[in-house]
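The values are calculated or read from the model by the stated rules, or taken from the named source; none is laboratory data. What you see is a predicted model, and the numbers here were worked out from it, not measured in a lab. We place every Cβ from the backbone using ideal geometry, glycine too, and count neighbours over all the protein chains shown.
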Amino acid sequence: MRAANDILCHSGIVKSPMKVFAVSDLHADYRENLDWIDSLARDRYREDVLLLAGDVTDELRLLGSTLRALKSRFAEILFVPGNHELWIDGGDFSCSLEKFDGVMSLCSHEGIRTGVYTQGCVSIVPLLGWYDFSFGQSDAFLQRAWRNFWACRWSAEFDLEAKICDFFLRQNDRYLSTDDAHVISFSHFLPRFEVMPTAIPENRRKVYPVLGSARLDHQIRKLQSAIHVYRHSHINQAIEIDGIRYLNNAFASPKEARIAREKLICIFDTEAVLSVLAGENRRESA
Ligand SMILES: [Fe+2]
Ligand SMILES: [Fe+2]
């Protein structure tokens, strides 16, 4: 094990043991979901990182208390807002961009990371996004049914969803030139529709146009992510496409137990990497 430790420390892969957990779409507005957060062990994750990719709640006060509850359990929380965080119907904000700024300020105040986190040669990169209809065109059904269209409001310059998406993707540009050995990225929105399970029937695909943006995947490929964690679709999935492992583990609403309700999953564990390297080292010296 000493040799493997040396390899990791020498290469800068890791400075101290770290597990990276992920969960999403906590939708803390449901009492059952809040109870689950409250039930998380207080001492078990003190060395660990949690990726939280949006849709915690549209309620800023509840977002603050949920983030605090999680921060008290983990060493680091990394967060990107989802679409629910930008809903402003019935709230104090004049537009969703103003609320986005409010959410980011809240994160900064609570010690929640919204930028790149690097430990040794492992970099975790949060990627903002939106949808731009690159997965399909909106139709009358979606215009009626998709709450975002009226729960979010934008200034005149954002008259197309693609312009909103441009704005958020541009924020990611500053993070795309990492040359770390191991990149884990995460986003709320989907980077490609192929991550959706092929078994989904055609009549259930009407929401695909608002799931994400193919341009997000270009950014993930530029980053050369080993793992990309995405959310928003509330359908759990783990699939490898062209060398990148895409994972979705939404917590979602209580009535989505059949397709979601995934709790914490560990997506990266330095000790597991250490034991693989230790095995390789033993084989080489045999
Ligand atoms: Fe959600
Ligand atoms: Fe969402």
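If I ask for residues that are within 25 Å of Ser185 (Cβ to Cβ) and either loosely packed, with under 14 Cβ neighbours inside 10 Å or of a type in the set (S, T, N, Q) (or both), which ones from segment 34-47 would you list?
Filtering segment 34-47 down to residues within 25 Å of Ser185 (Cβ to Cβ) leaves 37, 40, 45-47.
Passing the criteria: Arg46, Glu47.
Just give me the residues in segment 18-47 being farther than 20 Å from Leu247 by Cβ, among the hydroxyl-bearing types (Ser, Thr, Tyr) and either more than 16 Å from ligand 1 (Cβ to nearest atom) or in contact with a Lys or Arg (Cβ under 6 Å, 6 or more places away or on another chain) (or both), in sequence order.
Hit for segment 18-47 is Ser39, nothing else.
Right, Leu169: within 27 Å of Leu63 (Cα to Cα) and within 15 Å of the chain's Cα centre (by Cα) or not?
Working: within 27 Å of Leu63 (Cα to Cα): yes; within 15 Å of the chain's Cα centre (by Cα): yes.
Judged against the criteria, Leu169 is a match.
Residues are listed down the side, and each one gets a yes or a no for (1) farther than 22 Å from Phe21 by Cα; (2) at pLDDT below 95:
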residue	(1), (2)
Phe149	yes, yes
Leu160	yes, yes
Phe189	no, no
Arg215	yes, no
Gln237	no, yes
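Given the conditions (1) crowded, with 21+ Cβ neighbours inside 10 Å; (2) under 22 Å from Ala22 (Cα atoms); (3) not hydrophobic (A, V, I, L, M, F, W, C), report the number of the one that Ser65 does not fulfil.
Result: Ser65 passes all but (1).
Looking at (1) outside any loop (DSSP other than H, G, I, E, B); (2) under 19 Å from the mean Cα position of the chain (by Cα); (3) surrounded by 18 or more Cβ atoms within 10 Å (Cβ to Cβ); (4) at pLDDT 90 or above, which is the only condition Val23 fails?
Single failed check for Val23: (4).
Give, as residue ranges, the helices (runs of 4 or more DSSP H) completely inside segment 92-169 that count at least 3 residues that are of a type in the set (A, V, I, L, M). Quick ask: steps written out before the conclusion?
Details: elements: 96-110, 140-145, 148-151.
Filter on segment 92-169 gives 96-110, 140-145.
Please name all residue pairs, on different chains or six or more residues apart, with Cβ atoms under 6 Å, provided the first residue is in segment 42-61 and is within 15 Å of Phe74 (Cα to Cα) and the second residue is within 16 Å of ligand 2 (Cβ to nearest atom) and not acidic (Asp, Glu).
Between residues of segment 42-61 that are within 15 Å of Phe74 (Cα to Cα) and residues that are within 16 Å of ligand 2 (Cβ to nearest atom) and not acidic (Asp, Glu), the close pairs are Leu51/Ala22; Leu51/Phe186; Leu51/Val229; Leu52/Phe79.
So that you can scan it fast, the table gives a plain yes or no per residue for (1) surrounded by fewer than 23 Cβ atoms within 10 Å (Cβ to Cβ); (2) within 16 Å of ligand 1 (Cβ to nearest atom):
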site: Val49; (1), (2): no, no
site: Lys71; (1), (2): yes, no
site: Val80; (1), (2): no, yes
site: Phe93; (1), (2): yes, no
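Sort out for me the strands (runs of 3 or more DSSP E) sitting completely within segment 191-257 that have 2 or more residues that are more than 21 Å from Ser134 (Cβ to Cβ) and within 13 Å of ligand 1 (Cβ to nearest atom). Break it down stepwise before answering.
Details: elements: 227-230, 237-241, 244-248.
Qualifying strands (runs of 3 or more DSSP E): none found.
Consider Ala53 carefully, then state whether it is within 16 Å of ligand 1 (Cβ to nearest atom), of a type in the set (Gly, Ala, Ser) and in contact with a Lys or Arg (Cβ under 6 Å, 6 or more places away or on another chain). Quick ask: steps written out before the conclusion?
Numbers: within 16 Å of ligand 1 (Cβ to nearest atom): yes; of a type in the set (Gly, Ala, Ser): yes; in contact with a Lys or Arg (Cβ under 6 Å, 6 or more places away or on another chain): yes.
Yes.
Taking the options Lys99, Lys15, name whichever one is away from ligand 1 (no atom under 16 Å from the Cβ) and modelled with pLDDT under 95.
On the way: Lys99 fails: modelled with pLDDT under 95.
Answer to the check: Lys15.
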